[in-house]
Amino acid sequence: MKDSTQKKISDYATRWQLVRDFTEGARKVRDAGETYLPLAAKDQDPKAYQAYKDEVTFHPATGRVLSGLAGIILAKPYTVEAPNSVLALLDALSYDGESFADIVEWAIRETLGPSYGGILIDFPTGDQPVNAQDELEQGFRPMASIYAPEKIMWVERQRIRNRNMLTYVQLQEEDETRRVLKLVDNVYQVEVWRNDGLGYKLAEAYTPTRLGETIDTIPFEVLTPMAGSIHPTKPLLEDVAELNLDHYRVQGRLTYIHYWQSMAVLYVTGVEAPKPLPTPVEAPTVEGGTELSNRGFAFDDGEGKYDGFKVGGPEAWVLTDAQSKVAYAEFSGAGVQSLERKAAAIEDRIAKVGAQILASEKADAESETVVAMRQEAQYSSLATTTRTLSRKLQNVLRWVAWWLGEDEKKVTFSLNTDFRVSSLTDAMLANIRGMKQSGDMSDETFFYLCQRGGIYPESLTYDEERARRDEDALRNPADDGFNTDKADDGSLDE
């Protein structure tokens, strides 16, 4: 067992934490304190810093971008084709009872967020049945375990039998337990190490088998947005999170300035300067800390007593010098406006980096063609990541099929990669209807164009819609609202 985390993985720990914290939102970021928001002043005490930190506005950009991108992928259902024995297990595929749909959503968010993770297909141990049917009846079935990037300690692979194959995987589990997956002489082996307070000791070692045969591959799928990669790459949302951090710190500076701007600062001219005092005297501090207080200055009242100017109530000042002046200083400074412009610019930049999930309210003077080209490029990048993830999740299901004795090549899985959101205008609908009626477009093509334009539900098939129309015509033969003049070929006659 390795004593430490592989450097190729540990180097990304702080980057994952940044993405996770800003994805979770304001409470998580504020709890991190000075990690993300420095002290407003060098002498700011803890209570003052807490009050200051709670006042800083947090822009929830990173979490919004992640939810938006995940929503685009999940806007249309993914497709699964597999033997019935595999489909029957998808409602509860993990030890915690998570369904395959839950695992898919988790994998999407991990791939889009920290852009790393793993799924292990675990096999039961002990006396195993001799055939697949007995395995199912006795509860011997494959189970999936998901691992966040922080739980993956080490991953190695080698080229074996002309294939790049995992040869060593080390995972950190709960309760001070580490699981080691090894490929030794083409045989998959598992070790479980536990910390007894004095260090990690080997607690269990076994060789998984299926129907009495050893396994020649480690059933662990590494989730990354890059095909063929087993080590972390730059998180897809890192740039968004970094901009989000910049925005948060700018808001911190604005908050501090606005606080001082709202504080009335009294000044007096034409009054004799106070005599030096043996002990410095300060006016009582206001809530929020001494550095955010209205300090006056003390003076000798002639009787050896030291006090300060009192304001309000029955107090009155008598100044004998006719040139004396009492006023409140008003804050002015162009720096505030520059900071506000910088915050707005960062928000706009976040919107663009986040694939326009946080599109600016301001209308850009761009043609529809330019906008469409930019969106197509963004969608192409997201589609590449989605296709890579689809293949990895397909491999997970193929492991399940293999364990059940099914032909794993019959298993296919695909996430949605059609991210364009479009609706048919009246003119477009009239155009394609005319093409169908003139014979230039098939009835089925017309149906799918309408479905893509949002007229028909995504889950509805062409045959189902035809059957519905037939049933409506039979139930309502006299209803002019339904078309009973069906074409000879059974098509939908508009």
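The set of residues from the stretch 442-469 being surrounded by 14 or more Cβ atoms within 10 Å (Cβ to Cβ), touching a residue at least 24 places away in the same chain (Cβ under 8 Å) and under 35 Å from the mean Cα position of the chain (by Cα) comprises Leu449, Cys450, Arg452, Gly453. In the set (1) exposed (fewer than 13 other Cβ atoms within 10 Å of the Cβ); (2) at pLDDT 85 or above; (3) outside the structural domain of Leu74 (by TED's automatic domain parsing), the condition left unmet by Lys409 is number (3).
Of everything listed in (1) crowded, with 16+ Cβ neighbours inside 10 Å; (2) out of contact with any Ser or Thr (no Cβ under 9 Å at 6 or more places or on another chain), the single unmet condition for Ala88 is (1).
Which residue pairs have Cβ atoms closer than 8 Å, lie 6 or more positions apart in sequence or on different chains, and pair a first residue in the stretch 167-195 that is touching a residue at least 60 places away in the same chain (Cβ under 8 Å) with a second residue that is surrounded by fewer than 16 Cβ atoms within 10 Å (Cβ to Cβ) and of a type in the set (Gly, Ala, Ser)? Once the first residue is touching a residue at least 60 places away in the same chain (Cβ under 8 Å) and sits in the stretch 167-195, its partners that are surrounded by fewer than 16 Cβ atoms within 10 Å (Cβ to Cβ) and of a type in the set (Gly, Ala, Ser) give Glu191/Ala205; Trp193/Ala203.
Confirm whether Gly71 is without any contact (Cβ under 8 Å) to a residue 12 or more places away in the chain, part of a helix (DSSP H, G or I), out of contact with any Phe, Trp or Tyr (no Cβ under 6 Å at 6 or more places or on another chain) and within 30 Å of Ser381 (Cα to Cα). It is true that Gly71 is without any contact (Cβ under 8 Å) to a residue 12 or more places away in the chain, part of a helix (DSSP H, G or I), out of contact with any Phe, Trp or Tyr (no Cβ under 6 Å at 6 or more places or on another chain) and within 30 Å of Ser381 (Cα to Cα).
The rows are residues; the columns are (1) part of a loop (DSSP other than H, G, I, E, B); (2) outside the structural domain of Val65 (by TED's automatic domain parsing); (3) not aliphatic (A, V, I, L, M).
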position: Glu150; (1), (2), (3): no, no, yes
position: Gln170; (1), (2), (3): no, no, yes
position: Arg178; (1), (2), (3): no, no, yes
position: Gln189; (1), (2), (3): no, no, yes
position: Trp193; (1), (2), (3): no, no, yes
position: Lys234; (1), (2), (3): yes, no, yes
position: His247; (1), (2), (3): no, yes, yes
position: Gln251; (1), (2), (3): no, yes, yes
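The rows are residues; the columns are (1) small (Gly, Ala, Ser); (2) within 30 Å of Tyr168 (Cα to Cα); (3) part of a helix (DSSP H, G or I).
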site	(1), (2), (3)
Thr5	no, yes, no
Val19	no, yes, yes
Thr23	no, no, yes
Val29	no, no, yes
Asp43	no, no, no
Lys47	no, no, yes
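Output the residues belonging to the stretch 33-43 that are surrounded by fewer than 20 Cβ atoms within 10 Å (Cβ to Cβ) and not hydroxyl-bearing (Ser, Thr, Tyr). Result: Gly33, Glu34, Pro38, Leu39, Ala41, Lys42, Asp43.
The values are calculated or read from the model by the stated rules, or taken from the named source; none is laboratory data. Computed from a prediction, not measured in an experiment: that's the story for all the values here. Cβ coordinates were reconstructed from backbone atoms using ideal geometry, including for glycine residues, and neighbour counts include every protein chain displayed.
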